[in-house]
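The values are calculated or read from the model by the stated rules, or taken from the named source; none is laboratory data. Remember, predicted model here, so these are calculated numbers, not experimental data. We place every Cβ from the backbone using ideal geometry, glycine too, and count neighbours over all the protein chains shown.
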Amino acid sequence: MTVTNNPPLNQPSGVIVNHHILSVLVQNRPGVLARVAGLFARRGYNIFSLAVAPTEDPEQSRITIVVDVDSAPLEQITKQLFKLIDVVKISELDPRRSVERELMMATVKAPEDQRSHVAELVNIFEGKIIAVAEDVLTVSLEGHPDKLDDFEELLASYGIVELQRTGRVALPKLDRGSRLRAVTNPNITGKAG
C-alpha cells in the first residue's frame, strides 16, 4: 500500500511524497535501534520519520518508521527487517485505518506588536504556549502531521527561531465492533451503580 501525503515544507512546491508507514515491534534491548537504522542506511532506504518508545510491555519497543516509497520497495524492507533477530512483528499501517500523531515544539519570534497574533494562531490550532520570553514564544502542538505542516507554514511568517518535531507515531484504529464488544463483555459481572 502506498500513502500519498502533502509535500513537506522543505520539498519543492508540487512534489508529491509517497510513504510506507511501518509499525515494527522489537525486543527492547541495547543496540536494536542502531541495527534497524543501520539496515536502512546500508540499503540506501530514505527514512522520512522515525519514532521509538517502549510499549505496554517493558521488554518490547515499537518503532514507527515512515519510509520514502521511491527509495524502498515494501516487500524488500520487510524481508530485511525480519532478518534482524530482535524484530517481533511488522505491520504496515493504512492511514485510512490508523490514527497518526506527531508533536511539534517551536520557538517563534513574537515581538509585542505581534504576540497576540501568534497566541491567536496557537489557540486556533489548539496548541499551547509553553514558554515566554521578551520577544519570543515557545509553542507546542500535537496532531496529525498534515495539521502540523499547516501550523509550521503559518508560523514561518512570524519567524521560526528553532523547531523540533518528534516524527509520526501511529496505531491501527479500533473497529466499532471491537469497541462495542469491550463494553458488553459477558465476563464482567455485577450491576452498574
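Within the stretch 92-123, track down each residue that is loosely packed, with under 12 Cβ neighbours inside 10 Å and either under 21 Å from the mean Cα position of the chain (by Cα) or among the acidic types (Asp, Glu) (or both).
Listed by number, the residues that qualify are Arg96, Arg97, Glu112, Asp113, Glu120.
Checking the conditions here, which among Lys89, Lys128, Lys83 is basic (Lys, Arg) and either under 17 Å from Lys147 (Cβ atoms) or within 18 Å of the chain's Cα centre (by Cα) (or both)?
Lys128 is the lone residue from the list that is basic (Lys, Arg) and either under 17 Å from Lys147 (Cβ atoms) or within 18 Å of the chain's Cα centre (by Cα) (or both).
Can you find, within the stretch 132-175, the residue that is farthest from Ser98 (Cα to Cα) among those that are free of Cβ contacts under 8 Å to residues at least 24 places away in the same chain and of a type in the set (Gly, Ala, Ser)?
The extreme case among them is Ala133.
Tell me the strands (runs of 3 or more DSSP E) entirely within the stretch 114-187 that contain at least 1 residues that are at pLDDT 95 or above. It would help to see each step written out before you state the result.
Values: elements: 128-132, 136-143, 160-165, 169-172.
By residue number, 128-132, 136-143, 160-165.
Conditions tested, residue by residue: (1) at pLDDT below 85; (2) touching a strand residue (DSSP E or B) at 6+ places or on another chain (Cβ under 8 Å); (3) farther than 20 Å from Glu142 by Cα.
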site: Leu9; (1), (2), (3): yes, no, no
site: Gly14; (1), (2), (3): yes, no, yes
site: Val17; (1), (2), (3): yes, yes, yes
site: Asp57; (1), (2), (3): no, no, yes
site: Lys79; (1), (2), (3): no, no, yes
site: Val87; (1), (2), (3): no, yes, yes
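If you scan the stretch 62-91, which residues turn out to be surrounded by 14 or more Cβ atoms within 10 Å (Cβ to Cβ) and in a helix (DSSP H, G or I)?
Val69, Ser71, Leu74, Ile77, Thr78, Gln80, Leu81
Looking only at residues that are out of contact with any strand residue (DSSP E or B) (no Cβ under 7 Å at 6 or more places or on another chain) and part of a loop (DSSP other than H, G, I, E, B) in the stretch 19-55, which one is surrounded by the most Cβ atoms within 10 Å (Cβ to Cβ)?
Arg29
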